[in-house]
Structures are given as C-alpha cells and as structure tokens.
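A.B. asks: Before anything else, here's the structure in question.
The values are calculated or read from the model by the stated rules, or taken from the named source; none is laboratory data. None of the values given here were measured: they were computed from a predicted structure. Here Cβ is always computed from backbone atoms with ideal geometry, including for glycine, and neighbour counts include all displayed protein chains.
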C-alpha cells in the first residue's frame, strides 16, 4: 500500500463498533454486492473508520478467498479496529441477526404464504434487492475501476466466467 501522508482513521470505541455490527447484521440483505456496498458506504464514507484504499485492498483480498466476501470483509474490519475480539464480534454479529430475520421470514412464508397479500409482499422484495445490487456494483465499480482499461478487463473476466465457463482460478491467473 502506498502511504498518502494521511493518518489512518482512528477506531471507534468497542461498544460503538458492537452496536454498528449488530445493526448491520439486521439489515445486510441483498447478497454480497449489496452488503459490500453497505459496508463501503458506512465504513468509508459515513463513519470514516477505514480508508478507501484499505477497504478496496481488503475487498480484493477477500474476493480471492473462498467463502462469503462481505462477511470476511466485516471480520477483517473488526480485527483491524479491535483485534481478535473485534473480528469475532463483527463476524458473529454480521451473520446471526440475519439468520434470525431469515428464519422469521421463512416461518411467515410457511405459515401464511398461501395468503395473497403475504406472498405478494414477500415477492415485492425481489426488485428492491435487485436495485440494491445494481447500485452497489455501479458504486464499487466507479471506485475500483480507475484506469480506462479496467472496465474492459472486468467485462472480459465476467464474460469468461459467466458465458465461457472459464474456472475462477484461471481468470485470476490470467489477470496476474
């Protein structure tokens, strides 16, 4: 990482971080793109707990690792701020509230899914999630794809993965 002469953001109090991770765990729906966009907006833009450069560097690394990128990114930021206890808190609180909400929604669907209004309300969530994901891809893309050739390379990588069936490790190796 290149030093910019700007001091790194100071971490919040542990209690403040706990409250944030618990809140985030309750609202982090929309899949990885939506979750990553939410993390970026909160951690880099609003709260300034992490620099843009460090966030993008960590995101790139998390995308190479197997597993859920957004959860790994949250765990990393928790570790960055408060060590192992911060990583554990961020990782657990990122997942558990969402699991509880999903269980509750699944119960509502199982119990009342046959009722037209309930099924329609749950189906109405889909376009909202799609909009969140599209907005997230555009926002992160603007920050990560800085050189004019980057969007072309990203589109090529997407085409190779989505349409040509090229394995992910091969795309990464070609990019290196």
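A.B. asks: Of everything in the range 108-127, what is at pLDDT below 80 and either loosely packed, with under 12 Cβ neighbours inside 10 Å or not in a helix (DSSP H, G or I) (or both)? Give them in sequence order.
C.D. replies: 126, the sole residue that qualifies.
A.B. asks: Check off (1) assigned by TED's automatic domain parsing to the domain that holds residue 60; (2) farther than 22 Å from residue 70 by Cβ for residue 166 and give me the number that stays unchecked.
C.D. replies: It is condition (1) that residue 166 fails.
A.B. asks: Is there a residue being modelled with pLDDT of 90 or more and within 30 Å of residue 174 (Cα to Cα) anywhere in the range 77-98?
C.D. replies: Yes, there is a match, as at least one residue in the range 77-98 is modelled with pLDDT of 90 or more and within 30 Å of residue 174 (Cα to Cα).
A.B. asks: Just to check your reading of the model, which residue among 136, 170 is touching a residue at least 60 places away in the same chain (Cβ under 8 Å) and at negative phi?
C.D. replies: Being touching a residue at least 60 places away in the same chain (Cβ under 8 Å) and at negative phi holds for just one of 136, 170, which is 136.
A.B. asks: Now a separate question. Could you grab me the full set of residues in the range 60-76 that are at pLDDT 90 or above, in contact with a helix residue (DSSP H, G or I) (Cβ under 6 Å, 6 or more places away or on another chain) and farther than 17 Å from residue 23 by Cβ?
C.D. replies: Hits for the range 60-76 are 62, 69, 72, 76.
A.B. asks: Hey, could you check the range 143-176 for residues that are assigned to a loop (DSSP other than H, G, I, E, B) and within 22 Å of the chain's Cα centre (by Cα) and say which is surrounded by the most Cβ atoms within 10 Å (Cβ to Cβ)?
C.D. replies: 145
A.B. asks: Looking at residue 138, is it surrounded by 14 or more Cβ atoms within 10 Å (Cβ to Cβ) and closer than 26 Å to residue 39 by Cα?
C.D. replies: So residue 138 does not fit the description; no.
A.B. asks: Answer with yes or no whether residue 97 is surrounded by fewer than 13 Cβ atoms within 10 Å (Cβ to Cβ), within 21 Å of residue 69 (Cβ to Cβ) and within 23 Å of the chain's Cα centre (by Cα).
C.D. replies: The answer is no for residue 97.
A.B. asks: The conditions are (1) surrounded by fewer than 19 Cβ atoms within 10 Å (Cβ to Cβ); (2) within 14 Å of the chain's Cα centre (by Cα); (3) modelled with pLDDT under 90, and residue 6 fails exactly one of them. Which is it?
C.D. replies: (2)
A.B. asks: Take residue 82 and tell me if it is buried (at least 19 other Cβ atoms within 10 Å of the Cβ) and either assigned by TED's automatic domain parsing to the domain that holds residue 167 or more than 30 Å from residue 176 (Cα to Cα) (or both).
C.D. replies: yes
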